[in-house]
Amino acid sequence: MIKSPRTGSHRRAGSSLVSGNLARDGSVLTTVLILLSFLFPAIAQAQTSGLAMSCSVTGPDSVFFDKQEFNRYLPGEFTIHVLVVNTGTETIDSLVVFPRSNERFTIKSHATALLAVHFAPGDSADTTFTLIVNPRAVSGIDTITVSASGLEGARTACILPIWVEKEYKPVNSLLCPSTGDISIQYIDTLASYDPSPIPIPLTIINSGDAPSKETLILFASVDGVTLADNQSGVVNFGALEPGARRDTVFYIEAVDRDDFATVTLLFVVQGKGGLGDKIVQDTCSFNVDIPPIREVFFELECDSDPEIQFIDGAYEPNPFEWNVTVRNTGDSRAKNVRASIALPDPFYLAPGYDAEIEIGDMDAHSQTAVMWRVYARNVSEKYDGEICVRVLDAFNRIAQCCDSVSLPAVREPELSASCLVVPDTIRVDTESGQYLPAEFLVDVSLRNTGSDPADSVYAEILIADPDIKFVAPTTTRILVSEELSPAAVENLEWRIAPLPVKQPRDLEVRIRVSCKNYPTVTTLCSVHIEASRSPVLTCEALTNPEDTLHYAIATLEYDELTFTATVRNEGSIAAQNVEATILLPPNISLPPQESAVRLRSFALQQDSTWTVSWTLLPEKKREGTLDSIRVEFRSGQNGTICGDWIFIVGIPPVTVFTIPSYFVERYGREFTAPILIDEAQHKDINELELYVTYDEKLLEFLAWEREETLLENDWNISASGGAGRISFRAINSAEPLAGSGELIRMRFRVRFGLGDDILNWALSPLDFDSLSSQVNRGTVLARYYNGQAIVSGDCLYPLEAGDGYILGNSPNPFNPVTTITVRVPEDCEAVVSIHDMLGREVTRLHEGFLSRGEHRMRFNAHALPSGSYLAILRTGSVLRTQHRLLLLR
């Protein structure tokens with residue numbers, strides 16, 4: 001096409017000699033392209049003034065490699081536009097334009113374009129070429145040169161510089177083990193190569209700059225090895241990123257062979273990547289030495305025909321020995337060799353001999369002998385056959401030998417048997433539930449209808465039922481005759497008692513008759529047994545309380561726990577001698593007076609119930625437990641078990657404080673009143689705060705005393721007192737309180753007893769303020785037992801031991817019984833009580849009238865621990881006297 005001269009630029013929109021995109025990529029690269037455009041201008045002029053042309057070429061200024069898919073250039077192909085102008089004064093004939101050869105680009109469209117046959121001065125012509133980008137290893141600038149030529153020497157050329165990014169592609173390397181790293185041996189005792197399978201460690205490394213797609217390891221099959229089970233010859237790793245490394249293990253098996261061989265193992269790694277996703281691969285190989293296998297070969301020698309004869313009614317020899325020689329003629333050790341004998345029907349092994357004999361391991365070129373002792377059975381016709389022995393090892397390598405054996409026929413007896421059961425039906429008495437009759441007879445008749453005597457004839461009764469009992473004889477096998485002559489008849493019987501059965505049944509009785517010289521014969525008879533009548537016990541149980549047993553802080557005891565169970569007879573007759581046995585967990589017991597077994601004195605009729613109950617004593621524990629209490633009811637062979645669950649709460653730590661009540665003093669005198677504490681061990685008591693009130697009109701508080709008390713050492717104590725209320729606080733953060741007895745003492749002076757009160761007495765309470773007192777800031781519960789002090793004027797002193805009031809005991813010390821002697825000077829209402837050293841009353845020996853004189857009272861301390869106790873005698877509200885007792889176990 002010929003065009004007139006144009007004005008303005010001939011470049012297409014979006015194209016320039018220096019790409020805007022490239023300029024944005026870097027100022028240095030942009031500068032280079034600009035300089036190139038000046039050094040190699042895209043518009044060239046012809047040298048001859050008459051024949052002159054100029055040309056220009058436009059296209060993309062940069063080509064990038066796709067770093068998402070890593071398999072193409074962007075763009076991968078592009079179009080350049082060429083414009084030629086006749087700048088001379090003469091017409092140019094046959095104007096041809098063509099891009100020059102360039103290894104960086106491939107021309108996709110026509111390689112040459114004829115633009116004009118006659119190209120007049122001032123005319124312009126243009127055309128386009130499509131080019132494909134070829135890969136390059138290093139990013140850089142490529143130049144596309146376009147030539148235009150006509151006849152008579154008209155020539156010009158123009159260039160287009162394009163920056164082309166390098167090709168990004170994977171570089172896969174495959175690393176194999178070195179030759180000699182893998183050693184293969186043949187193990188005789190395993191009859192296989194070791195290792196088996198053979199692990200081949202392989203490593204793939206992508207050292208390229210693009211991912212390796214669809215990466216595979218391929219195993220090149222080779223004689224001498226095979227793929228292991230579940231091992232594929234192609235292992236797919238998917239995409240392998242640049243710099244990635246994958247370690248894997250490939251498993252193969254060595255093929256059994258008879259000679260030594262070196263096998264070359266070849267592995268190939270393949271992946272795709274780079275321009276057009278080309279195949280990228282690498283190989284590695286190494287040699288593996290495979291030794292030959294060693295074989296086991298068995299040879300057996302059987303030569304044991306015993307030449308059996310029938311002499312004097314018996315076979316000779318019988319038993320006989322069957323000997324076999326076993327040889328391992330191979331070059332491998334045989335493992336777990338066994339020899340087994342196969343006997344035909346007329347023969348059987350002697351007792352103590354097994355059909356299979358364990359030989360064990362056999363070395364190469366070794367031999368051993370095995371022997372069986374064999375019995376022959378009587379046969380009515382001559383037998384000719386073979387006895388075979390087979391040898392095999394742990395890997396089922398087998399050899400066998402057989403030898404002939406002949407057994408002559410024998411003359412023999414012929415036995416027959418019959419049986420009869422009398423009666424044929426056993427019924428149940430509806431009243432007692434017993435069988436009527438209680439026993440039945442099995443009559444057996446034996447006959448020898450043969451030609452020879454039957455030797456050692458035995459009869460055996462077979463009843464495959466556990467619900468019978470043999471009465472007479474008690475054995476199931478009886479010797480009938482040492483020799484039962486031909487035509488002889490023998491009779492015998494068994495007397496049998498049936499046991500109760502739940503369902504009616506026909507009881508099958510089988511009689512088996514055997515002798516030494518004739519096969520065993522059997523006969524069959526039966527008896528019908530009705531279903532027994534028996535009680536059927538069911539029960540249900542419950543605890544009271546139903547779910548949870550609580551601990552009462554007020555009494556320091558658990559609430560009462562009772563267990564009640566009811567049994568019902570749902571059977572067909574009454575249950576006799578019913579008994580109930582309670583089954584307790586380890587932490588629950590019965591009181592001493594309670595029995596674990598309860599008996600019912602009369603029968604439990606049908607659809608009747610019986611209820612029993614127990615009072616139980618739970619063990620005191622810190623932690624709560626969920627316990628099961630059960631009861632078993634039984635009536636003869638019939639029984640049932642039921643139970644119930646109860647949660648027994650744990651006991652919180654509780655400590656007890658006591659002020660005794662045995663203080664008697666007169667005006668002006670001082671006395672000490674201890675605060676007593678029970679055992680403090682394991683309660684972690686580190687802080688005490690106690691408040692005590694008293695009658696300030698009667699007593700004056702003087703001081704706290706800690707000498708020889710539990711708080712004597714290591715306790716920080718702050719205390720005060722007065723105006724009828726005293727306070728006390730003790731802290732020890734290092735070690736908790738331990739022990740029992742005197743915690744601390746309070747010292748008082750008596751104020752009462754002067755003036756008008758000289759002939760009077762008064763009672764001052766010594767009370768804890770339980771609302772204000774606390775242990776460990778309230779985390780340990782406490783119980784408080786108050787005391788009292790009796791005060792008087794001088795004229796009434798002493799109050800505790802009036803004339804004639806005497807307490808004593810003998811023996812003292814005692815274990816565990818002593819006699820308390822009480823003497824009163826006059827008839828009176830009196831109380832004699834025993835107290836522990838915390839002031840708590842342990843027992844009251846007497847309360848009521850005592851006549852004047854001496855009285856003896858028995859004190860049994862079997863339930864009390866060793867220690868000191870006080871016997872106290874009171875008349876009315878007056879403490880008359882007290883006496884210390886010592887219990888030593």
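The values are calculated or read from the model by the stated rules, or taken from the named source; none is laboratory data. A quick note: this is a predicted structure, and the numbers were derived from the prediction, not measured. Every residue, glycine among them, receives a Cβ derived from its backbone with ideal geometry; neighbour counts consider all protein chains shown. Remember, those area values only see protein heavy atoms, side chains included, never the ligands or the DNA or RNA. Shrake-Rupley method; radii C 1.70, N 1.55, O 1.52, S 1.80 Å.
Of the GluC sites (Glu not before Pro) found in region 676-706, those that fall in a DSSP loop while having at most 15 other beta-carbon atoms within 10 Å are 679, 696. Dividing the summed helix terms, -39500 (n - 2.57) for each DSSP H run of n ≥ 4, by the number of residues in the chain produces a 222 nm estimate of -500 deg cm²/dmol to the nearest 500. Computed from point charges on the beta carbon alone (+1 for Lys and Arg, -1 for Asp and Glu), the dipole magnitude for region 630-693 about its Cα centre is near 320 Debye. Sorted on the mean count of surrounding Cβ atoms within 10 Å across their residues, most packed first, peptides 156-165, 420-429 read 156-165, 420-429.
What is the angle, in °, between the Cα long axis of helix 27-39 and the longest principal axis of the Cα atoms in the chain? Nearest 10 is fine, range 0 to 90. Computed tilt is about 10 degrees.
Computed from phi, the 3J(HN,Hα) profile of region 586-591 under the Karplus parametrisation 6.51, -1.76, 1.60 (θ = phi - 60°) reads x, 9, 10, 9, 9, x Hz, with x in place of Gly and Pro.
A dipole drawn for region 292-357 from +1 and -1 charges on Cβ atoms has a positive end, and of 339, 310, 322 the residue lying farthest that way is 339. A straight Cα-to-Cα reach below 17 Å connects residue 213 with the lysines 67, 169, 272, 278, residues fewer than 8 places away in its own chain not being considered. The HN-Hα couplings worked out from phi for region 760-771 by the Karplus form 6.51 cos²θ - 1.76 cosθ + 1.60 (θ = phi - 60°) are 10, 9, 8, 10, 9, x, 10, 10, 7, 8, 5, 6 Hz, whole numbers, x standing for Gly and Pro. Think of each Lys and Arg Cβ as +1 and each Asp and Glu Cβ as -1; about the Cα centre, that makes the dipole of region 175-271 roughly 440 debye. Is the C-alpha gyration tensor of region 266-352 telling us rounded, prolate or oblate? Criteria: a/c under 1.5 is rounded; beyond that, a/b larger than b/c is prolate, otherwise oblate. Prolate, because a/c is 1.5 or more and a/b exceeds b/c. Phi angles of region 687-693 translate, via the Karplus equation with coefficients 6.51, -1.76, 1.60 and θ = phi - 60°, into HN-Hα couplings of 8, 10, 9, 10, 10, 10, 10 Hz per residue; Gly and Pro are given as x.
Take every Cα pair under 8 Å whose residues are at least 6 apart in sequence, average their separation, divide by the length of the chain, and the relative contact order is 5 percent. Among the protein heavy atoms of the chain, carbon and sulfur supply 48% of the accessible surface, probe 1.4 Å, non-protein parts ignored. Computed about its Cα centre, the charge dipole of the chain is approximately 3940 debye, with only Lys, Arg, Asp and Glu carrying charge at their Cβ. Under 5 Å between amide hydrogens, built in the peptide plane, is the criterion, and for residue 88 it picks out 52, 122 among residues at least 5 positions away or on other chains. Where a ≥ b ≥ c are the square roots of the eigenvalues of the C-alpha gyration tensor, would you call region 217-331 rounded, which needs a/c under 1.5, or, failing that, prolate if a/b is larger than b/c, or oblate? The shape class here is prolate. Rank 656, 491, 789 by how far each Cα sits towards the positive end of the charge dipole of the chain (+1 on Lys, Arg Cβ; -1 on Asp, Glu Cβ) and give me just the farthest. With unit charges placed on the Cβ atoms, the residue in question is 789. A dipole drawn for the chain from +1 and -1 charges on Cβ atoms has a positive end, and of 160, 135, 558 the residue lying farthest that way is 160. Sorting 472-479, 725-732 by average packing, meaning the other beta carbons within 10 Å per residue, from highest down gives 725-732, 472-479. Proximity of backbone amide H atoms, modeled 1.01 Å from N, is registered between residue 143 and 162 at under 5 Å, excluding neighbours fewer than 5 places apart on the same chain. Packing around the peptides 709-721, 114-126, 588-600, taken as the average count of other Cβ atoms within 10 Å per residue, puts them in this order, highest first: 114-126, 709-721, 588-600. What is the chain by shape, rounded, prolate or oblate, if you read a ≥ b ≥ c off the alpha carbon gyration tensor as root eigenvalues and call it rounded for a/c under 1.5, prolate for a/b larger than b/c, and oblate otherwise? Judged from the Cα gyration tensor, the chain comes out oblate (a/c at least 1.5, b/c at or above a/b). Near the amide H of residue 588, within less than 5 Å, lie the amide hydrogens of 619, all on another chain or at least 5 residues away, with H placed in the peptide plane.
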